[in-house]
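Asker: This is the structure I want to talk about, given as structure tokens.
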Amino acid sequence: MTSQPPPFDPELAAALELIKDMIQPGLSMEDVEAARKGPGIELLSQLDLTVGGAFEVEDRTVPGPEGSPEISLLICRPTSPAPDRPRPVVYHVHGGGMVLGDKRVGVDVILDWARELDMAVVSVEYRLAPEHPHPAPVEDVYAGLLWTAEHAGELGADPERIVIAGASAGGGLTAALALLLRDRRGPRPIGQLLMCPMLDDRNDTPSSHQMAGVGVWDRTANETGWTALLGERRGGPDVSPYAAPARAEDLSGLPPAFLDVGSAETFRDEVVAYASRIWQAGGVAELHVWPGGFHGFDGFAPQAALSKAARAAHLDWLRRLLAE
């Protein structure tokens, strides 16, 4: 029997009430096209990605996976004088449930880190499902990472100090990227930052049932996203860990991970399980479960106390990682 969902943090509940008409938790496949044309996309195009001149911003087209189209990268380099050694770089993978978004989604948060810690940023545009099912998205993400590592010198960046990061679907793709890089013996990132990551196509955890119809990105939306990516394979026995990282049997040998999730969201239990399995495999992970947080709460309500705590935790982890 499914229990009641955990309560939302009071500040976040008030924010959710304000945006409830814009946010439908149960995205269906019929809703995807309209969602892609929603007001958020126009707002993204108006963001000042130079952050008042702190970054030089460039769109660059680079080779995609073998036999596939080229991909587009958003490259943001600090305009301040170069330090004594090459800068670290954040390689960012955007969210959007596998079906929405582009390389500008969420990059404002990444630029906040980069400004604070003097990092370069590369954000990848990957092909979206259902038009481009697995493995197209993760292979695009992999190709972009290879280019970033090979051309880091051009960016004034250090190929030995790449942090991979993403939220929601981007967090899932970032986790999948870490697995691919390990298994293909590609460049090794120094860390993976997984914010409310979308990890498990089976969509059958207690939290996925608890949060049905509630908050942001519920069980129906999750089924939509995973079915777009995997088709009839979703939830079945033959799903690749590079599509759904929760399917990976071996989580050893991965870069140190930061994972966070809200207690009142669909992905809670799969994220907690993934962190636990990294520890069980002898790995390094830091896990935060934000009490009363809904999916993506810090983006929807950045002024809330819980959002400020979450964003500070991201920055603190990065600062410690880069000091090693």
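The values are calculated or read from the model by the stated rules, or taken from the named source; none is laboratory data. Source: prediction; values computed, not measured. Don't worry about glycine lacking a Cβ; one is built from the backbone with ideal geometry, like all the others, and counts go over all protein chains shown.
Asker: Taking the condition at pLDDT 95 or above, buried (at least 22 other Cβ atoms within 10 Å of the Cβ) and out of contact with any Phe, Trp or Tyr (no Cβ under 8 Å at 6 or more places or on another chain), does VAL93 pass? Spell out the reasoning first.
Answerer: Values: at pLDDT 95 or above: yes; buried (at least 22 other Cβ atoms within 10 Å of the Cβ): yes; out of contact with any Phe, Trp or Tyr (no Cβ under 8 Å at 6 or more places or on another chain): no.
Criteria not met by VAL93.
Asker: Based on this model, can you work out whether SER207 counts as under 13 Å from ARG268 (Cα atoms) and out of contact with any Leu (no Cβ under 8 Å at 6 or more places or on another chain)?
Answerer: Considered against the rule, which asks whether it is under 13 Å from ARG268 (Cα atoms) and out of contact with any Leu (no Cβ under 8 Å at 6 or more places or on another chain), SER207 comes out as yes.
Asker: Only one of GLU150, GLU131 is out of contact with any Cys (no Cβ under 6 Å at 6 or more places or on another chain), without any contact (Cβ under 8 Å) to a residue 24 or more places away in the chain and within 28 Å of GLU223 (Cα to Cα); which? Break it down stepwise before answering.
Answerer: On the way: GLU150 fails: within 28 Å of GLU223 (Cα to Cα).
Step by step, each of GLU150, GLU131 is checked, and only GLU131 is out of contact with any Cys (no Cβ under 6 Å at 6 or more places or on another chain), without any contact (Cβ under 8 Å) to a residue 24 or more places away in the chain and within 28 Å of GLU223 (Cα to Cα).
Asker: Also, quick follow-up: When the residues of the range 52-89 are narrowed to those that are within 22 Å of ARG320 (Cα to Cα) and in a loop (DSSP other than H, G, I, E, B), which ends up farthest from the chain's Cα centre (by Cα)? Give the derivation first.
Answerer: Within the range 52-89, the subset within 22 Å of ARG320 (Cα to Cα) is 77-78, 82-89.
Going one step further and asking which of them are in a loop (DSSP other than H, G, I, E, B), we end up with 82-86.
On the way: ALA82: 28, PRO83: 28, ASP84: 31, ARG85: 28, PRO86: 25 Å.
Residue satisfying both the conditions and the ranking: ASP84.
Asker: A further question on this structure: Considering only the range 164-237, give the helices (runs of 4 or more DSSP H) lying wholly within it that have at least 3 residues that are among the hydrophobic types (A, V, I, L, M, F, W, C) and in contact (Cβ under 8 Å) with a residue 24 or more places away in the chain.
Answerer: Details: elements: 169-183, 206-210, 219-230.
Result: 169-183, 219-230.
Asker: Examine the range 125-137 for a residue that is part of a helix (DSSP H, G or I), among the hydroxyl-bearing types (Ser, Thr, Tyr) and surrounded by 24 or more Cβ atoms within 10 Å (Cβ to Cβ), and state whether such a residue exists. Please lay out each step first, then the result.
Answerer: Narrowing the range 125-137 to residues part of a helix (DSSP H, G or I): 136-137.
From the residues that got through so far, the ones that are among the hydroxyl-bearing types (Ser, Thr, Tyr) too are none.
Checked the range 125-137: no residue is part of a helix (DSSP H, G or I), among the hydroxyl-bearing types (Ser, Thr, Tyr) and surrounded by 24 or more Cβ atoms within 10 Å (Cβ to Cβ).
Asker: Continuing with the same structure: Which residues, taken from the range 8-30, are modelled with pLDDT of 85 or more and either of a type in the set (S, T, N, Q) or part of a helix (DSSP H, G or I) (or both)?
Answerer: Matches in the range 8-30: PRO10, GLU11, LEU12, ALA13, ALA14, ALA15, LEU16, GLU17, LEU18, SER28, MET29, GLU30.
Asker: Against the condition more than 12 Å from MET195 (Cα to Cα), at pLDDT 95 or above and acidic (Asp, Glu), how does GLU249 come out, does it pass? Step through it out loud before you land on a result.
Answerer: Working: more than 12 Å from MET195 (Cα to Cα): yes; at pLDDT 95 or above: yes; acidic (Asp, Glu): yes.
Yes; evaluated as a whole, the condition is true for this residue.
Asker: Related question: How many of the residues making up the range 67-90 are of a type in the set (A, V, I, L, M), within 17 Å of LEU117 (Cα to Cα) and at pLDDT 95 or above?
Answerer: Within the range 67-90, the first condition is being of a type in the set (A, V, I, L, M), and the residues that meet it are 71, 73-75, 82, 89-90.
Next, from what is left, pick out any that are within 17 Å of LEU117 (Cα to Cα): 75, 82, 89-90.
Next, from what is left, pick out any that are at pLDDT 95 or above: 75, 89-90.
Selection size over the range 67-90: 3.
Asker: Additional query: Since ASP48 meets every condition but one in (1) surrounded by 11 or more Cβ atoms within 10 Å (Cβ to Cβ); (2) part of a loop (DSSP other than H, G, I, E, B); (3) touching a residue at least 12 places away in the same chain (Cβ under 8 Å), which condition does it not meet?
Answerer: Status for ASP48: all satisfied but (3).
Asker: Is it the case that some residue within the range 54-66 is farther than 19 Å from PRO135 by Cβ and modelled with pLDDT under 95? Give the derivation first.
Answerer: Of the residues in the range 54-66, the ones farther than 19 Å from PRO135 by Cβ are 54-61.
Among the residues that remain, those that are also modelled with pLDDT under 95 are: 54.
Scanning the range 54-66 turns up at least one residue that is farther than 19 Å from PRO135 by Cβ and modelled with pLDDT under 95.
Asker: Show the residue pairs meeting these rules: Cβ distance below 9 Å; 6+ apart or different chains; first residue within the range 242-259 and touching a residue at least 60 places away in the same chain (Cβ under 8 Å); second residue among the β-branched types (Val, Ile, Thr) and assigned to a loop (DSSP other than H, G, I, E, B).
Answerer: Listed pairs, sorted by first residue: LEU254/VAL284; PRO255/ILE190; PRO255/VAL284; PRO256/ILE190; PRO256/VAL284; ALA257/VAL284.
Asker: Which condition number does SER252 fail, the rest of (1) surrounded by fewer than 18 Cβ atoms within 10 Å (Cβ to Cβ); (2) touching a His at 6+ places or on another chain (Cβ under 8 Å); (3) hydroxyl-bearing (Ser, Thr, Tyr) being met?
Answerer: (2) is the only condition that SER252 fails.
Asker: Within the range 257-277, count every residue that is crowded, with 22+ Cβ neighbours inside 10 Å, more than 18 Å from GLN4 (Cα to Cα) and among the β-branched types (Val, Ile, Thr).
Answerer: Count: 2.
Asker: Every residue in the range 253-284 that is assigned to a loop (DSSP other than H, G, I, E, B), more than 14 Å from LEU194 (Cα to Cα) and not β-branched (Val, Ile, Thr), please.
Answerer: If the condition is that a residue be assigned to a loop (DSSP other than H, G, I, E, B), more than 14 Å from LEU194 (Cα to Cα) and not β-branched (Val, Ile, Thr), then GLY253, SER263, ALA264, GLU265, ALA281, GLY282, GLY283 are the ones that fit.
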